[in-house]
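Please read the structure below before turning to the comments.
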Amino acid sequence: MKPIRTKRLILRNWEERDRDLFFRINSDDRVMEFFPFRRDRAASDALFDRLRAGIAERGYGFAAVEIIATGECIGFVGIADTSLEPFLLAGTVEVGWRLAPEFWGHGYVAEAARAWLAFGFEEIGLAEIVSFAVFDNRRSTAVMERIGMRADPPGDFDHPNIPDTHPQLKRHVLYRLSRETWRKQEQAAT
Ligand SMILES: CC(C)(COP(=O)(O)OP(=O)(O)OC[C@H]1O[C@@H](n2cnc3c(N)ncnc32)[C@H](O)[C@@H]1OP(=O)(O)O)[C@@H](O)C(=O)NCCC(=O)NCCS
């Protein structure tokens, strides 16, 4: 992918030097509070390789976020193909994020996600981008609202891949944003 620059960030494909940070965000209890599993180093490295290859191939994906001022990689934000029939049909594109905790609360995720929405709607020509999260993941749904997405309660679903051992993680909320609504919001903001 061609790196995307925002005011404070570079969104780019993964580099070898990011592996430790990537493992940390996949194994940290605070970051993974709403996931039923943690990844060990081998599983994290395997996912890292898959994400990197996918981004190289498609030009987008859950990409690394780097702070321009310090050169630090702080986590990922990106858009990705997703499907979870019958809740999310094939061809759906989601926007998603995961940051190391010391970088929460600076607006980095919203800044990166806005750039990815622009890329998805303008460069790829998507008609819609969705996002979803565990019902209780308020930090994540707050980002969705901050970047102009709207809840679609009839689309909420019980995630079929969450094991019965974690009933509190089953219910997911769905947010949507159409290109048309995004354009109107962009025009209103300028
Ligand atoms: C969900 C998550 C990505 C949200 O990160 P975040 O830093 O809260 O999100 P934002 O980038 O939108 O930052 C917003 C916060 O930065 C603050 N902020 C500080 N400086 C800012 C600035 N210059 N510009 C904008 N906001 C700023 C905002 O006031 C807001 O603070 P608040 O949470 O106290 O209201 C993060 O908590 C995370 O990685 N969680 C674990 C993984 C996860 O659950 N992923 C989602 C799975 S669906």
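Provide the gained length on full extension for the span A43 to D81, in nm with one decimal, where the gain is 0.36 nm per separating residue minus the Cα-Cα distance. Write down the numbers at each step before the final one.
On the way: separation 38, 0.36 × 38 = 13.68 nm, distance 2.06 nm.
Taking A43 through D81 to full extension adds about 11.6 nm, to one decimal.
For the stretch 1-88, which GluC sites (Glu not before Pro) are both in a DSSP coil and crowded by at most 16 other Cβ atoms within 10 Å? Mind dumping the intermediate values first?
Numbers: sites: E15, E16, E33, E57, E66, E72; in loops: E15, E33, E72.
Answer in residue order: E15, E33, E72.
Whole number please: convex hull volume per residue of the Cα set in the stretch 1-155, in Å³? Could you put the intermediate results ahead of the total?
Numbers: hull volume 18.7 nm³, N = 155.
Residue-normalised Cα hull volume stands at 121 Å³.
At a threshold of 8 angstrom on Cα-Cα distance, excluding pairs fewer than six apart, so keeping six or more, what relative contact order does the stretch 53-128 reach in percent? Walk me through the numbers on the way to the answer.
Details: 99 pairs, mean separation 17.1, N = 76.
Computed value for the stretch 53-128: 23 percent relative contact order.
Over the chain, with a Gaussian network built from C-alpha contacts below 10 Å, which listed residue (V173, V31, V65) shows the highest mean-square fluctuation?
Maximum fluctuation in the GNM of the chain, among the listed residues, is at V31.
Rank N137, N161, N26 by mean-square fluctuation in a GNM of the chain with C-alpha springs under 10 angstrom and give only the top-ranked residue.
Result: N161 has the largest fluctuation of those listed.
Mean residue ellipticity at 222 nm from the helices of the chain, using -39,500 (n - 2.57) per DSSP H segment of n ≥ 4 over the full residue count, to the nearest 500 deg cm²/dmol? Walk me through the numbers before you get to the answer.
On the way: 5 runs with 58 residues, N = 190.
Rounded to the nearest 500, it is -9500 deg cm²/dmol.
³J(HN,Hα) across the stretch 163-169 via Karplus (A = 6.51, B = -1.76, C = 1.60, θ = phi - 60°), whole Hz, x for Gly/Pro?
So the Karplus estimates, Gly and Pro as x, are x, 5, 5, 10, x, 5, 9 Hz.
Where the Cα atoms of the stretch 93-190 are projected onto their three principal axes, how long is each span, largest first, in whole Å?
47, 34, 21
Which of L51, L84, L169 moves most in a GNM of the chain, Cα contacts under 10 Å?
In this elastic network of the chain, the residue with the biggest mean-square fluctuation among L51, L84, L169 is L84.
So for the chain, averaging the separation of alpha carbon pairs under 8 Å that are six or more residues apart and normalising by length, what relative contact order in percent results?
On the way: 306 pairs, mean separation 33.2, N = 190.
Reported relative contact order: 17 percent.
Since every read-out is calculated from the coordinates, none of them should be taken as a lab result. Note that the structure is a prediction, hence the values are computed from the model and not measured. For neighbour counting, all protein chains shown are included, and Cβ atoms are generated from backbone atoms with ideal geometry for every residue, glycine included.
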